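Visitor: I have a structure here, written as structure tokens, and I will follow up with some questions on it.
All of the numbers you see were taken from the coordinates with simple rules; none came from a lab. Model, not experiment: these values are computed from the prediction. FYI the Cβ positions are ideal-geometry reconstructions off the backbone, even for glycines, and counts take in every protein chain you see.
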Amino acid sequence: MADTANSEAFVEFERVQKSYDGETLVVKDLNLALPKGEFLTMLGPSGSGKTTCLMMLAGFETATHGDIRLDGVAINNIPPHKRGIGMVFQNYALFPHMTVAENLSFPLEVRKIGKSEREKKVKRALEMVQMGEFGGRRPAQLSGGQQQRIALARALVFEAELVLMDEPLGALDKQLREHMQFEIKRIADNLGITVVYVTHDQTEALTMSDRVAVFNDGRIQQLAPPDVLYEAPENSFVAQFIGENNTLDGTIKEIANGVALVELDDGGLIDAKPVNVSQPGERTRVSIRPERVEFNVDRLAEGSHTLKAEVQEFIYMGDIFRTRLKVAGNNDFIIKTRNAPDQVRLKPGEIVEIGWQPEDCRALDAN
Amino acid sequence: MSNASEAPTPDDGLRLMESADTGPVLAADGTPLKRSLGRALRRQKLRALMLIAPLLLFVLLTFIAPIADMLFRSVENQIVSDTLPRTVVALKDWDSTSGELPSEQIYEAAYYDIFIAAERKLHTRLGSRLNYELTGASSLFRKSGRGLDDIGEVYQDQFEDLNKAWKDGETWAQVMGSDAWLSEANSWGKSSGKLAPALELRDGIAELLPKTAESYSSFANFVRVDDGDNPASEDPWSLVYAALWQDLTSGADVSAYSGPNADLLQEAASAAQDFESISFTDGFAEIDEDWVDTPIWQTIKTYSPKYTSGYFLNSVDMKKTPDGPALRDEDQRIYGLLFKRTMFMSLVITISCIMLGYPVAWILANLPARTANLLMILVLLPFWTSLLVRTSAWKVMLQQQGVINDVLVWLGLVGDGDRLVMINNQFGTIVAMTHILLPFMILPLYSVMQTIPQTYLRAAKSLGATNWTAFWRVYFPQSVPGIGAGSILVFILAIGYYITPEIVGGTTGTFISNRIAYHISSSLNWGLAAALGAILLAVVLILYWAYDKIVGIDNVKLG
């Protein structure tokens, strides 16, 4: 489903801008196209404009500039109730004065669907979220997870092709949240619906999405499938926002054959893959994932640059070991190693030599 | 069931546990847990009680007790039987529906009762009480208080003509009082600061001259207690002469009497037969023709019990008649109309408050807190202005020479000759009271609406509901508790409102409470006022109960 090459754009933002006060832009020049059936997550810190985008799509906010198209039709001036978009709210927004069945029946009633048909659809939707027996209850009598399922069923019961979810799992505890992530993903895949999902939880984004749009400062920083996002972040913000990351500041010394030689601020030399740096003399911040650091330098290619590191701390975490090192003046350089039978356990105070494959170390912008 | 005994099932275990749990749960020291808990909580409860005790006492003494006393007046009617004890007893056998006049015995009883009441100045109070039921009773009693002297004076004059000694109070005292009392009374001086000694009748005199003894005792007691004088030296009432004549002519054997002044008594006994006499019936007839007509006697008989439903019947436009309760004449019915009008206008005021208050509360609830607080001050502003000032302001606005009419005339919408009548009628009352009670609607509505998140409306719209459907199906039902709370507040306040209808109500816009106030302060018919108030209270309680049944009182939220 991540294969978007041939599919026509189902949801499309074109040069969309949004300002609330007429002075600052909350969303700056948003361009985004979703094919049908895609699960897209908008990820970003609070205030990054992701929820505003969702609300513009739902019709609760109007775009200050630009077009939003749904299935090829500009919907800027269509009121929310005519857009036919399902939506799951952060606090579920289940109507407290109606039973679960009445809640689900509500969108069907306003669409003037007959009673027997309504009952059938409500039943099917409840079964889909495994809440078949709860039709007669009031929302207040349900647990958070159950309410969440009902909210999902309600957004799906009228067969919307596009469903928006605004941090729907934010109020659940960790275990339930993980469970619901899979549940939502499963249902979305089964029904083939298009989902735009807003969250600030990167794990959620990575596990559920076909593609993730990382928002910051009103712009999409990177729009990519989870693996690309994690392994090939295009700028420092994405690299730091997604997953754990070690950074070292330095200056580009030379770029040759797709490998940049970076001189760190303490004089050490490392190899890195140039991503958004282009010429020697430029300031850069190199980024490397903790699990890609190698301290068995024999495994590295001949002539690779290595750095001296002093072990600060060794933390046993069960499945992995987490070692904190002091590297090139950075005290928080983390290495993660798998708890394998032959794995070396470093001791604090030990001096080791570390290195990495040049393609795992990305030279990004210095910001 | 036979299978169950063969194979144990998980249910068996449960059943076993339940059967073991049937006894009371025990605390660690073996006492039942309930009692143990109760003891532990008692101190807490006591402390809580102590904290509310001052307020509780205050409310009990200054609020509950007076109200209870006031409500009690709606059935209390002891004044008739207290003032006319003999008459009430005598009237028992009189058939008030027969149309016949009461017998001479009843007139006699009434003579004694009213004479004594008049001496004690109680007859006018009874007159005004009976005047609520029979117009003219008040003046009748006032007149009778003076007129009844004439009956006794007929005999008094003849006794005194017979022998001057009868003029003298001491003659009477010697005949009626015991020797011990006489000597005690003669040595009593007013300066002693004590009451004169209580009359002790001479042995046998009560049997010999029963009526005289009784009336003289009443006289002696009155002189002693009410006047603070010595009965032994005071001249008796004319009533006592009438009583003596009655005793002597009804065959009293005065020869058996051997006390002081026996000769006087014997002389009187032989002369009394030839005295000019007057029947009590005629005596009453001479005072006022109304006494020889049935209505006054019917009224006295009807209201002779200690407790009466008369006030309540009166409050619902009925009256007590000798044939039982009956509706009043059409032109005398007023309270039914007033109750209906009070209900209707309160309802209109409540509905107007909802209509005007709902949008305001909505705006307040959906504005940013800063602006909402500012606007809230405007809503609360009327609270800081005197009620009287606000009502008077409406008078200025609505009267025929007032602001609104002036503007309408100036605009040419209304001719100068036919200015609108907007005050001193129902319209004025409704307008002014809606304005005054509006905050009581807005506040509960606002606090309920504040708790309804906007996401519900968004959710409804995202589900395909139009703005109206979203409001009506999703928002409105959740705001109903606010409407309920506001309506109860406004309606109950309106139903008992007094000042505003009094000022701007005229004659067609007054409430039942204005009538209650009238009876409390002008007509002084407190019993009727209490009955009207009790009915009003009952109506409010019934409405409250009905509201609880229909809407449920837990659905009422003040915030």
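Visitor: Relative to 2.2 N^0.38 Å, what does the C-alpha radius of gyration of region A:174-242 come to as a ratio? Two decimals please.
Guide: Details: Rg = 12.6 Å, N = 69, 2.2 N^0.38 = 11.0 Å.
It is 1.15.
Visitor: Starting with the fewest neighbours, write out B:167, B:190 ranked by other beta-carbon atoms found within 10 Å of each beta-carbon.
Guide: Working: B:167 13, B:190 10.
Lowest to highest Cβ neighbour count: B:190, B:167.
Visitor: May I ask for the percentage of alpha-carbon pairs in the protein assembly as shown that lie more than 40 Å from each other?
Guide: Values: 294733 of 428275 pairs.
Percentage above 40 Å: 69.
Visitor: Quick check on chain B: helices-only [θ] at 222 nm, where DSSP H runs of length 4 and up contribute -39,500 (n - 2.57) each and the sum goes over total residues. Nearest 500, please.
Guide: Working: 29 runs with 352 residues, N = 559.
The helix-only estimate for chain B comes to -19500 deg cm²/dmol at 222 nm.
Visitor: Would you pull out the residues with amide H under 5 Å of residue B:414's amide H, same chain only if 5 or more places away, H placed 1.01 Å from N?
Guide: Those lying under 5 Å, H to H, from residue B:414 are B:409.
Visitor: Moving on to the next point. Would any residue of region A:97-130 have its amide N under 15 Å from a label point 7 Å out along Cα→Cβ of residue B:472? List them or say none.
Guide: Residues A:109-112 fall inside that zone.
Visitor: With an 8 Å cut-off on Cα pairs and a minimum separation of 6 or more residues, tell me the relative contact order of chain B in percent.
Guide: The normalised contact order for chain B reaches 15 percent.
Visitor: Per-residue HN-Hα couplings for region B:83-91, Karplus 6.51 cos²θ - 1.76 cosθ + 1.60 at θ = phi - 60°, whole Hz, x for Gly and Pro?
Guide: 7, 10, x, 5, 4, 4, 5, 5, 6
Visitor: How much length is gained on full extension from residue A:228 to residue A:240, taking 0.36 nm per residue of separation minus their Cα-Cα distance? Write out the running numbers ahead of the final one.
Guide: Numbers: separation 12, 0.36 × 12 = 4.32 nm, distance 1.41 nm.
Computed gain between residue A:228 and residue A:240 is 2.9 nm.
Visitor: So if R0 is 60 Å, what FRET efficiency would residue A:298 and residue B:366 give, r being the distance between their Cβ atoms, rounded to the nearest 0.05?
Guide: Values: r = 69 Å, r/R0 = 1.14.
Working from the Cβ atoms, E equals 0.30.
Visitor: ³J(HN,Hα) across region A:241-256 via Karplus (A = 6.51, B = -1.76, C = 1.60, θ = phi - 60°), whole Hz, x for Gly/Pro?
Guide: Karplus values, whole Hz, x for Gly and Pro: 6, 9, x, 8, 8, 9, 10, 9, 8, x, 10, 5, 9, 7, 10, 8.
Visitor: Once a ≥ b ≥ c are taken as the square roots of the eigenvalues of the Cα gyration tensor of region B:335-555, is the result rounded (a/c under 1.5), prolate (a/b larger than b/c) or oblate (a/b not larger than b/c)?
Guide: On the way: a/c = 2.28, a/b = 1.35, b/c = 1.69.
Verdict is oblate for region B:335-555.
Visitor: Of chain B, which part is the longest with no GluC sites (Glu not before Pro) in a loop (DSSP not H, G, I, E, B) and with at most 15 other C-beta atoms within 10 angstrom? It would help to have the intermediate numbers written out before the result.
Guide: Values: sites that count: B:100, B:276.
Longest stretch, sites excluded: B:277-559.
Visitor: Next up: With the dipole of region B:335-555 worked out from charges on the C-beta (+1 for Lys and Arg, -1 for Asp and Glu) around the Cα centre, which of B:364, B:537, B:432 lies farthest toward the positive end?
Guide: Of the options given, the answer is B:364.
Visitor: Quickly work out the residue B:221-to-residue B:425 label distance, labels modelled 7 Å from Cα along the C-beta direction, and quote it in nm with one decimal.
Guide: If labels sit at residue B:425 and residue B:221, their model points lie 6.1 nm apart.
Visitor: Would you please classify the overall shape of chain A from the alpha carbon gyration tensor, given that a ≥ b ≥ c denote the square roots of the eigenvalues, rounded means a/c under 1.5, and beyond that prolate means a/b larger than b/c while oblate covers the rest? Walk me through the intermediate numbers first.
Guide: Values: a/c = 2.90, a/b = 1.83, b/c = 1.58.
The shape class here is prolate.
Visitor: Spin-label point model (7 Å from Cα, Cβ direction): what's the residue B:256 to residue B:70 distance in nm?
Guide: 5.8
Visitor: Could I ask something else about it? First measure r as the distance between the Cβ atoms of residue B:521 and residue B:206, then evaluate 1/(1 + (r/R0)^6) with R0 = 51 Å and state the FRET efficiency to the nearest 0.05. Write down the numbers at each step before the final one.
Guide: Values: r = 48 Å, r/R0 = 0.94.
So, using R0 = 51 Å, E works out to roughly 0.60.
Visitor: Using 1/(1 + (r/R0)^6) with R0 = 25 angstrom and r between the beta carbons of residue B:540 and residue B:407, what's the FRET efficiency to the nearest 0.05? Provide the component values of the computation, followed by the final result.
Guide: Working: r = 39 Å, r/R0 = 1.57.
Between residue B:540 and residue B:407 the formula returns 0.05.
Visitor: Mind listing which GluC sites (Glu not before Pro) in region A:218-261 are in a DSSP loop and have 14 or fewer other Cβ atoms within 10 Å?
Guide: Numbers: sites: A:231, A:234, A:244, A:254; in loops: A:234, A:244.
Passing sites in region A:218-261 are A:244.
Visitor: Once you average over the residues of B:218-224, how many Cβ atoms of partner chains fall within 10 Å of each Cβ?
Guide: Per residue, the number of nearby Cβ atoms from other chains is 0 on average.
Visitor: Further question on the same structure: How many nm separate the modelled label positions at residue A:351 and residue B:293, each set 7 Å beyond the Cα in the direction of the Cβ?
Guide: Distance between the two pseudo-spin positions: 13.4 nm.
Visitor: What is the gain in length, in nm to one decimal, between residue B:178 and residue B:161 on full extension, counting 0.36 nm per residue of separation less the C-alpha to C-alpha distance? Kindly include the intermediate steps, with their values, before the conclusion.
Guide: On the way: separation 17, 0.36 × 17 = 6.12 nm, distance 2.66 nm.
My answer for the length gained is 3.5 nm.
Visitor: Given 0.36 nm per residue, what is the gain on full extension from residue B:549 to residue B:267 after removing their alpha carbon distance, in nm?
Guide: Working: separation 282, 0.36 × 282 = 101.52 nm, distance 8.26 nm.
Using 0.36 nm per residue and subtracting the Cα-Cα distance, I get 93.3 nm.
Visitor: Can you run phi through the Karplus equation (6.51, -1.76, 1.60; θ = phi - 60°) for region A:204-221 and list ³J(HN,Hα) in whole Hz, with x for Gly and Pro?
Guide: For region A:204-221, the Karplus curve yields 4, 4, 5, 6, 9, 8, 7, 9, 10, 9, 8, 9, 8, 6, x, 10, 7, 7 Hz.
Visitor: For a label point 7 Å from the Cα of residue B:285 along Cα→C-beta, name the residues of region B:100-143 whose backbone N is under 18 Å from it.
Guide: Within reach of a label on residue B:285: B:100-111.
Visitor: Using only the Cα atoms of chain B, what are the Rg and Dmax in Å?
Guide: So, for chain B, Rg and Dmax equal 37.5, 120 Å respectively.
Visitor: Hey, what's the Cα Rg ratio for region A:246-364 versus the globular rule of thumb, 2.2 N^0.38 Å?
Guide: Values: Rg = 14.3 Å, N = 119, 2.2 N^0.38 = 13.5 Å.
Output field value: 1.06.
Visitor: Taking amide H positions as placed 1.01 Å from N in the peptide plane, with prolines and chain starts having none, which residues 5 or more places from residue A:61, or on another chain, fall under 5 Å of its amide H?
Guide: Under 5 Å from the amide H of residue A:61: A:56.
Visitor: Using Cα-Cα distances under 8 Å and only pairs 6 or more residues apart, what relative contact order does region B:215-352 have, in percent? Don't skip to the end; give the middle numbers.
Guide: Numbers: 67 pairs, mean separation 13.8, N = 138.
Relative contact order of region B:215-352: 10 percent.
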